[in-house]
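Presented below is the structure to which this report refers.
Just so it is clear, none of the values below were taken in a lab; they were calculated from the coordinates. In this text, all values refer to a predicted model and were calculated from it rather than measured experimentally. Using ideal geometry, Cβ is built from the backbone for each residue, glycine included, and neighbour counts are taken over all protein chains shown.
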Amino acid sequence: MKALLVAMNAKYIHSNLGLYSIRAYALAHGIPRDGLGLAEYTINQSLEDIMSDIYQRQPEFLAFSCYIWNIRQIRELAVELHKILPEVPIWLGGPEVSYQPEQLLAECPWISGVMVGEGEGTFQEVYQAYALEGREQWKGIELSGIPGIVYWDSGAGEIVTTPPREPLPIDEIIFPYGNGEEIEGLEHRIIYYESSRGCPFNCSYCLSSVDRKVRLRSIGLVEQELQFFLDRKVAQVKFVDRTFNCQRQHTMRIWRYLYEHDNGVTNFHFELSADLLTEEEIEYIHRFRPGLAQFEIGVQSTNPDTLKAIRRVTDLAILKKRVGQIREGRNIHQHLDLIAGLPYEDYRSFRRSFNEVYAMRPDQLQLGFLKLLKGSPLFGEHKELGIVFQEKPPYEVLYTQWLPYRDVLRLKQVEDMVERYYNSMQFQASLPYVTGRFSTPFDFYQEIGAYYQEKGYAGIHSSRLLRYEILLEFYREKISREDHILRQLLLYDLYARENLKSRPAFLQIGQSSRQKEWDRKFYQDPSLRRQYLPDYEAYDQRQAARMTHLESFDFQVLDYLQEGILIMKKCIVLFDYQNRDPLTRQARVVSLSDDIIDI
């Protein structure tokens, strides 16, 4: 029998770990490789194109991996596939269909069944049952002995639910990239990996709270598998462990292995609880190569009543301290999360949460909106709490008794501005200056969000340069016509990211007529190039000039970035684009001393 596992990812860069794991387990338990294919698409592809590709593969059995971001497309696709492949069983699995699967089957009789919960053992047994019976017997196939499924018994014309399946010991899960073939074609995509399953915490908005038992993979296996990625110099490996640092010994063994075997290339992403980190762990990760690791830290809210309502145990004082300690090393990218729409969080409270997290100076700040996941405790409490959400996936909050819909819309504007200006990491010098002109950073993002709406900029995909220009326009209209300092900071930000050889029109004011003179003096002097560009010995002066840039400023920008104080003194800054900060991707920058170039 020829089965096809189908994933519909949110973006091309993603991959579906669940299906890779299911396939690896099935192949290790006797299912022939030529009998089990895997196809990955994205939700942005045409359903007709996906349907055509699946049809041409001529599968005899179809299994889809379902999440909140793809269930609508999968349901639409399944009904059409049933028409053109009427004899092919269509099965669904994944978190989006593991809750109330009987209701799903009643609504979609063309779906043969649902695999509930973890799928490795279930898929393998369902496949074997179909393969043993033969196609002519499928209508009367006996599946009642397979735990963890809900299916249509076509003979009896009824939906059958079997007992739940016990989770597999995690060491029996087969490494999904084991023979090397599975990783081919993933060179430019995120590779996902798990060293544990389950979560010890009980956050009511999360499906992980349903299974609080944590299963840790044996560290020997983990080290072998991490070495697989290191040997192949995979660009990024993203751990999907729900709380990676919930067991200190496990955490330190992995971090120690990655530090000792660092290949200088691979980045590892961890989702963790900062308040659980110890001084020993902080001290150790300060040794990491910049870019070896990045952390995603869920704060969600700083409102004590909100945290209590969602059953999230967080020591905010320790969390702030740990985030600050990590930042001191400047070697680990930190991504902090907030969720809007949680119980007891109104607009004013969220403003306070935002400002407190912003003050921690994360490299990126994600402002997300509550999604009422089927099967989560909060989903069962939403009526009592007065939370109203969208009927269709992703079940995002519309309003709550604390946060009316108009305020949700205002927070959407804030989210958009945070993405464009803060999370883009393209305004490292200009943002602190502009936000400092407002009572709080939140007020800036709120005001510029309203400005985008007022001017018709909202909802359009603005170019990088247009974002710079709009920020300057906003400042001039809403704050001050005295914009010389901001122009200089925007110019610095622009050149820190991009090797432009001419200024954009809106930043032309203040350009020195002596630029060519400075360029000639610096690049034609071999001793200056050796001193300030030691990595450029193999390049001549013209090549070095193309790969770097000199720009004059009216104040010491680097001192301002470090101290937040503008020192009004002319200087020339060298931007080195071959040596970028691995965390910010900004060019290496050096101020040239006065005795080198007369300005």
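Applying 0.36 nm per residue to the separation of Ser462 and Leu132 and subtracting their alpha-carbon distance, the gain on full extension is 113.2 nm.
Charge tally around Glu454: other residues with Cβ under 11 Å, Lys/Arg +1 each, Asp/Glu -1 each, net 0. Computed extension length for Arg585-Glu517: 21.6 nm, one decimal, from 0.36 nm per residue of separation with the Cα-Cα distance subtracted.
Taking Cβ atoms as reference points and 12 Å as the exclusive limit, the residues near Val126 contribute a net charge of -3, counting Lys and Arg as +1 and Asp and Glu as -1. Given +1 at the Cβ of Lys and Arg, -1 at the Cβ of Asp and Glu and no other charges, the dipole of the range 1-68 around its Cα centre is 220 debye to the nearest 20.
Using a simple spin-label model with pseudo-atoms 7 Å out from Cα toward Cβ, Glu166 and Ser480 lie 7.0 nm apart. The phi torsions of the range 393-407, fed into the Karplus equation with coefficients 6.51, -1.76 and 1.60 and a -60° offset, translate into couplings of x, x, 6, 6, 4, 9, 6, 9, 5, 9, 10, x, 4, 4, 6 Hz, rounded to whole numbers, with Gly and Pro shown as x. Projecting label points 7 angstrom from Cα along Cα→Cβ for Arg232 and Ile13 puts them 1.9 nm apart.
Here's how it looks for Gln236: its modeled amide H is under 5 Å from those of Ile191, Asn267, which are all 5 or more places away or on a different chain. Once both labels are positioned 7 Å from their Cα atoms along Cα-to-Cβ, the gap between Asp559 and Arg287 label points is 3.8 nm.
Whole number please: convex hull volume per residue of the Cα set in the chain, in Å³? So the per-residue Cα hull volume is 176 Å³. In the chain, a dipole from Cβ-located charges (positive for Lys and Arg, negative for Asp and Glu) runs towards its positive end, and of Tyr67, Leu378, Leu583 it is Leu583 whose Cα lies farthest in that direction.
Between amide H atoms placed 1.01 Å from N, distances below 5 Å from Gln247 occur with no residue 5 or more places distant or on a separate chain. What the phi angles of the range 517-530 give under the Karplus curve with 6.51, -1.76 and 1.60, with θ = phi - 60°, is a coupling list of 4, 5, 4, 5, 5, 6, 6, 8, 9, x, 5, 5, 5, 5 Hz, glycine and proline written as x.
Amide H to amide H, with H built 1.01 Å from N, Gln300 comes under 5 Å of Asp337, Leu338, Ile339, counting only residues 5 or more places away or on other chains. Scoring 62-73, 149-160 by mean Cβ neighbours within 10 Å over their residues and listing the highest first yields 62-73, 149-160. When +1 charges are put on Lys and Arg Cβ atoms and -1 charges on Asp and Glu Cβ atoms, the dipole computed for the chain relative to its Cα centre reaches about 1560 debye. Taking each residue as 0.36 nm, the span from Gln103 to Val240 lengthens on full extension beyond its C-alpha to C-alpha distance by 46.4 nm. Residues in the range 165-173 carry Karplus couplings, in order, of 8, 6, x, 5, x, 5, 6, 7, 6 Hz; the curve used is 6.51 cos²θ - 1.76 cosθ + 1.60 with θ = phi - 60°, and Gly or Pro positions show x. For a paramagnetic label modelled on Glu356 (point 7 Å from Cα along Cα→Cβ), amide N atoms under 14 Å away belong, within the range 245-277, to 275.
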